[in-house]
Amino acid sequence: MPKVKFSNAKGLVQLAGGGEVNLSGDFSLFGYKKVFKSVTSVSASAGAQGTTTLTAADSGKVIVMSASAAAAAMAGDEGGHLSITLPSAATGLNFLFINGMGPAADRYDGNKQRMMISQSAATEDFVGTLIDGAGSGDTAAASNTVIVFDTTNGSSGSAQSVPGDWVHVVSQGDDWLCQGNCDVANAVVFED
């Protein structure tokens, strides 16, 4: 085995001798790269429509839609939405969205409470499938511009997104590649 050294200045260099590997610089081993850089909770004020617009600088963040943020905006029977808009699609941008709040007994089916992830432009498509615990899924259509976590009280049969439901979106430049999982059928879906 040749003797090799990795450094930030020169990369991987073969040296005289044999049998030694020196990895002293920043590197990616076997293609592994840290994808997520921080956890961010979205926020909203009481009785309001909570709105957050992400930028390319936010790429790599884990976005937790938390009880403290969303419950204030969606309490009672007033209805409400927590809306997050993605930046324009660009190669490598990625976000992980996690539901940190669950359905509450004081929410009513007549006024949907939803956490929504929207494209910045209708020309950017969501591509992929969201799988649910019932063994089915929702596959994105070209007309879909929103991913919805429905946290409405399900007493009348509507779906309930629960803590831990998630969606990961990655842009390949033109569109958003999506994968996700939710516990309850149709609790996280693509919509127009």
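The values are calculated or read from the model by the stated rules, or taken from the named source; none is laboratory data. Just so it is clear, the structure is predicted and the values come from calculations on it, not from any experiment. With ideal geometry, Cβ positions are generated from the backbone for all residues, glycine too; neighbour counts draw on all protein chains shown.
For V170, are the conditions met, namely being within 21 Å of S88 (Cβ to Cβ), of a type outside the set (G, A, S), at pLDDT 90 or above and not in a loop (DSSP other than H, G, I, E, B)? Break it down stepwise before answering.
Working: within 21 Å of S88 (Cβ to Cβ): yes; of a type outside the set (G, A, S): yes; at pLDDT 90 or above: yes; not in a loop (DSSP other than H, G, I, E, B): yes.
In short, yes.
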Of the criteria (1) part of a loop (DSSP other than H, G, I, E, B); (2) at pLDDT below 70; (3) buried (at least 18 other Cβ atoms within 10 Å of the Cβ), which one A46 fails: (3)
